[in-house]
Amino acid sequence: MHYSKDCTFTKHRCKDCSQVGHKDGYCYSSKKVKPLSRQRLSKSMQTNSVQVRNIRKRRRFVKAVVNGRHISFQLDTASDISIISERTWRQIGQPTSSPATVQAATASGKPLKLQFQCSCSITINGTIREARFFVVKQQLNLLGLDLIDSFNLGSVPMDQFCNQVSSYPMEMDSLKATFAAVFNNEPGLCTKAKVKFTLKEAKSPVFRPKRPVAYAMYSTVDAELDRLERANIITPVDFSEWAAPIVVVRKASGAIRICGDYSTGLNEALQPHQYPLPLPQDIFNKLANSKVYSQIDLSDAFLQVEVDESCRELLTINTHRGLYRYNRLPPGVKAAPGAFQQLVDTMLAGLECTAGYLDDVLVGGADEADHWRNLQAVLRRIQEFGFTIKAEKCSFGQRRIKYLGHLIDEHGQRPDPAKIETICNMPAPKDVSEVRSFLGALNYYGKFVPSMRTLRYPLDELLKHGKKFDWSEECEKAFTTFKQILRSDLLLTHYNP
């Protein structure tokens, strides 16, 4: 092989064809050069057919969140660009598209038609990036070198961010068919218990007027009230001694949640439900020996639990359409978290490698087979209790998950990079309240910081009653040191007695 610039025949004129640029006799006008016969071509090049199912076990898949939707991408280090299908593009909300700026070809050299391109947010292992995806008609979701480099995945062991997929997708299809009643996005109805509230002594009813709803939200709020009424979650009433105004909360998915603002009177009048929420460390210890994880999200969790008929008047809400009484446990009631957690703990009692924090259930396993057994047991128990789950918010068979502000895998726990970045972007405090805010955020990850008590001493001094606020060099040094430690590669291995 030689380069064209070094060729001695670049300016030579061929005597056979009178063309410039090649040696005499080395052109198709000459009999010295014959095209390859069909027989010779078949001997030098062979085409091998490979059945996809035989190589599927060697494929690697990356779990990502794109525009709030969980998407599984095949890792493709041979692709320069990242690709999604039209179906996936619709699932992530049809982000604004523009004509494709590049051309693409498959590994075989055949052209791959790109319909268009779009930009959207993608999250992998807690890290958020803006990504450009090229959209195709084929069912392809490929994570190419552009995003592999963007997330710096090339320097991370593949098992830490990939799922090795064998027969698991087919098993999940079987699982969804077996537990069809559970994989239902509509709220279920718990058949095992009802929640009952107790008022404090000598507490008078509190009736609050409705609050105005923005005109732009009228149709959205009306649609949600209609949905709740159709599901028998709320019932319209003409009279009530108790009433709380509503608060409309926008979810990440774009839908809304209607909550009663029970801080206006009811919460103060209720006896607390004395049942503790689990500590994150207790949950992590239950799954310390796990290598495969699944995360299950219950659909509208509280609303799947009935309230005793004698207590429903307490939960009346005042809307622009009149009074509605909750038949199910609504969010915003002081006693609701404890009551619901008690029910979840009862449901999961006795199950291996399983823990629940309110509506978020975590299942682990020492390997895929063990995890599969545990997952089936959990879904069976959920079905017995009458709950349903929100499939699009669940994650199954992952090697690493994000749970309660931590990243968990077989090696241990790491702080969630997104949470750490928020703490590290906090400016230096200008008063005592800002110092408390910083220390409060820091304390959640205090177990990752060695000598925490010593390092925070200058900041604790600022909190002393009657002491003048003085942001000294020692305070600034402690503040900076905390950020440097949090940004380092932190890991706590699982506790092993």
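Tell me, please, whether a residue that is farther than 24 Å from Val292 by Cα, of a type in the set (Phe, Trp, Tyr), open to solvent by 80 Å² or more (accessible area, probe 1.4 Å) and in contact (Cβ under 8 Å) with a residue 24 or more places away in the chain can be found in the stretch 382-396. No, because not a single residue in the stretch 382-396 is farther than 24 Å from Val292 by Cα, of a type in the set (Phe, Trp, Tyr), open to solvent by 80 Å² or more (accessible area, probe 1.4 Å) and in contact (Cβ under 8 Å) with a residue 24 or more places away in the chain. For the stretch 413-421, the criterion of a residue being without any contact (Cβ under 8 Å) to a residue 12 or more places away in the chain, under 30 Å from Phe61 (Cβ atoms) and either open to solvent by 40 Å² or more (accessible area, probe 1.4 Å) or not basic (Lys, Arg) (or both) is satisfied by at least one position.
Going through (1) open to solvent by 10 Å² or more (accessible area, probe 1.4 Å); (2) under 23 Å from Ala301 (Cβ atoms) one by one, Leu362 falls short only on (1).
Once the stretch 262-282 is narrowed to residues that are outside any helix (DSSP H, G or I) and within 28 Å of the chain's Cα centre (by Cα), the residue that is surrounded by the fewest Cβ atoms within 10 Å (Cβ to Cβ) is Pro276. Determine if the stretch 215-230 includes at least one residue that is assigned to a loop (DSSP other than H, G, I, E, B) and either under 30 Å from the mean Cα position of the chain (by Cα) or modelled with pLDDT of 90 or more (or both). No, the conditions are met nowhere in the stretch 215-230. For the stretch 250-261, a tally of residues being surrounded by 17 or more Cβ atoms within 10 Å (Cβ to Cβ) and assigned to a loop (DSSP other than H, G, I, E, B) returns 1.
When Val449 is tested against the conditions (1) among the β-branched types (Val, Ile, Thr); (2) modelled with pLDDT of 85 or more; (3) closer than 20 Å to Pro280 by Cβ, the lone failure is (2). Might you check whether a residue that is in a strand (DSSP E or B), open to solvent by 20 Å² or more (accessible area, probe 1.4 Å) and of a type outside the set (Asp, Glu) occurs anywhere in the stretch 307-314? Checking the stretch 307-314: not a single residue is in a strand (DSSP E or B), open to solvent by 20 Å² or more (accessible area, probe 1.4 Å) and of a type outside the set (Asp, Glu).
Each row is one residue, and each column tells you yes or no for (1) open to solvent by less than 60 Å² (accessible area, probe 1.4 Å); (2) polar (S, T, N, Q); (3) at pLDDT below 85; (4) in contact with a strand residue (DSSP E or B) (Cβ under 7 Å, 6 or more places away or on another chain).
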site: Lys32; (1), (2), (3), (4): no, no, yes, no
site: Pro35; (1), (2), (3), (4): no, no, yes, no
site: Ile83; (1), (2), (3), (4): yes, no, no, yes
site: Gln94; (1), (2), (3), (4): no, yes, no, no
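For the stretch 193-202, does any single residue satisfy the condition of being more than 34 Å from the chain's Cα centre (by Cα), modelled with pLDDT under 90 and either over 23 Å from Pro337 (Cα atoms) or assigned to a helix (DSSP H, G or I) (or both)? Checked against the condition, which is being more than 34 Å from the chain's Cα centre (by Cα), modelled with pLDDT under 90 and either over 23 Å from Pro337 (Cα atoms) or assigned to a helix (DSSP H, G or I) (or both), the stretch 193-202 yields at least one hit.
Restricting the stretch 320-373 to residues that are in a helix (DSSP H, G or I) and among the polar types (S, T, N, Q) leaves a set whose member that is nearest to the chain's Cα centre (by Cα) is Gln341.
None of Gly322, Gly356 is surrounded by fewer than 20 Cβ atoms within 10 Å (Cβ to Cβ) and not charged (D, E, K, R) except Gly322. Among residues belonging to the stretch 139-155 that are in contact with a helix residue (DSSP H, G or I) (Cβ under 7 Å, 6 or more places away or on another chain) and at pLDDT 85 or above, point out the one that is most open to solvent (accessible area, probe 1.4 Å). Among those residues, the one meeting the criterion is Asn141. Assess whether Thr388 counts as being under 29 Å from Phe197 (Cβ atoms) and under 24 Å from the mean Cα position of the chain (by Cα). Taking the combined requirement at face value, the residue satisfies it. Residues in the stretch 206-241 that are out of contact with any strand residue (DSSP E or B) (no Cβ under 9 Å at 6 or more places or on another chain), in contact (Cβ under 8 Å) with a residue 12 or more places away in the chain and surrounded by 14 or more Cβ atoms within 10 Å (Cβ to Cβ): Asp222 alone. Residue count for the stretch 111-132 under the criterion of being open to solvent by 60 Å² or more (accessible area, probe 1.4 Å), out of contact with any Phe, Trp or Tyr (no Cβ under 8 Å at 6 or more places or on another chain), modelled with pLDDT of 85 or more and closer than 30 Å to Arg487 by Cα: the result is 2.
Under the condition of being in a helix (DSSP H, G or I), free of Cβ contacts under 8 Å to residues at least 60 places away in the same chain and either in contact with a helix residue (DSSP H, G or I) (Cβ under 7 Å, 6 or more places away or on another chain) or surrounded by 16 or more Cβ atoms within 10 Å (Cβ to Cβ) (or both), the residues counted in the stretch 469-491 number 7.
Ala244 passes all but one of (1) open to solvent by less than 30 Å² (accessible area, probe 1.4 Å); (2) in contact with an Asp or Glu (Cβ under 6 Å, 6 or more places away or on another chain); (3) closer than 25 Å to Gly68 by Cα; which number fails? Checking Ala244 against (1) open to solvent by less than 30 Å² (accessible area, probe 1.4 Å); (2) in contact with an Asp or Glu (Cβ under 6 Å, 6 or more places away or on another chain); (3) closer than 25 Å to Gly68 by Cα, the one that fails is (3).
The values are calculated or read from the model by the stated rules, or taken from the named source; none is laboratory data. Note that the structure is predicted; figures quoted are calculated from it, not measured. Positions of Cβ are backbone-derived with ideal geometry, glycine not excepted, and every protein chain shown enters the neighbour counts. The area values use the complete protein model at the heavy-atom level, side chains included, leaving out ligands, DNA and RNA. Shrake-Rupley method; radii C 1.70, N 1.55, O 1.52, S 1.80 Å.
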